[in-house]
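Read the structure below first, then the notes.
The values are calculated or read from the model by the stated rules, or taken from the named source; none is laboratory data. Every value quoted in this text rests on a predicted model; they were computed, and no experiment measured them. For neighbour counting, all protein chains shown are included, and Cβ atoms are generated from backbone atoms with ideal geometry for every residue, glycine included.
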């Protein structure tokens, strides 16, 4: 039987870069929104395989959240190293 815990990855702007907020903790710094979304989607797919319910959300400029989808692009392994500004915090 799988877990029923809902987990959320929130991709959001943080100054001049993008970050992924996972359960209240900022993870990584990315040059583009797309790189942050790809990273969140790849990790969400991994966590989903462990049996968790996972959502990937995008924080809008007005502070609201929208569903960003949670499936990584076909063949995606996340952002290229050049798109990542730093290792996860």
**Report entry** Residue pairs meeting the criteria (Cβ under 6 Å; at least 6 apart or on separate chains; first more than 17 Å from residue 27 (Cβ to Cβ), in segment 44-55; second surrounded by fewer than 16 Cβ atoms within 10 Å (Cβ to Cβ))
**Finding:** 51/2; 51/3; 53/6
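Go through 38, 44 for me and flag whichever is over 17 Å from residue 65 (Cβ atoms) and surrounded by 15 or more Cβ atoms within 10 Å (Cβ to Cβ).
Working: 44 fails: over 17 Å from residue 65 (Cβ atoms).
Every option except 38 fails the conditions.
Restricting to segment 15-31, what's the tally of residues that are exposed (fewer than 14 other Cβ atoms within 10 Å of the Cβ) and touching a strand residue (DSSP E or B) at 6+ places or on another chain (Cβ under 8 Å)? Walk me through it before giving the result.
Residues of segment 15-31 that are exposed (fewer than 14 other Cβ atoms within 10 Å of the Cβ), as a first pass: 15-16, 23-25.
From what is left, the residues that are touching a strand residue (DSSP E or B) at 6+ places or on another chain (Cβ under 8 Å) are 23.
The total comes to 1.
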Requested in this report: Note down all Cβ pairs under 8 Å where the first residue falls in segment 1-26 and is within 12 Å of residue 52 (Cβ to Cβ), the second is surrounded by fewer than 17 Cβ atoms within 10 Å (Cβ to Cβ) and modelled with pLDDT of 95 or more, and they're at least six residues apart or on different chains.
Outcome: none
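Find the residue count for segment 62-88, including only residues that are at negative phi, surrounded by fewer than 12 Cβ atoms within 10 Å (Cβ to Cβ) and either in a strand (DSSP E or B) or at pLDDT 90 or above (or both). Show your work before the answer.
Here is the first cut: in segment 62-88, the residues at negative phi are 62, 64-68, 70-74, 76-77, 79-88.
Next, only the ones that are surrounded by fewer than 12 Cβ atoms within 10 Å (Cβ to Cβ) stay: 62, 64, 66-67, 74, 77, 80-82, 86-87.
Next cut, either in a strand (DSSP E or B) or at pLDDT 90 or above (or both) only: 62, 64, 66-67, 86.
Final tally of qualifying residues: 5.
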Query raised in the report: What number of residues within segment 1-14 satisfy the criterion of being surrounded by fewer than 17 Cβ atoms within 10 Å (Cβ to Cβ) and either in a loop (DSSP other than H, G, I, E, B) or under 8 Å from the mean Cα position of the chain (by Cα) (or both)?
Result: 5
**Report entry** Residue list for segment 1-15, filter: farther than 12 Å from residue 43 by Cα and modelled with pLDDT under 95
**Finding:** 1, 2, 3, 4, 5, 6, 14, 15
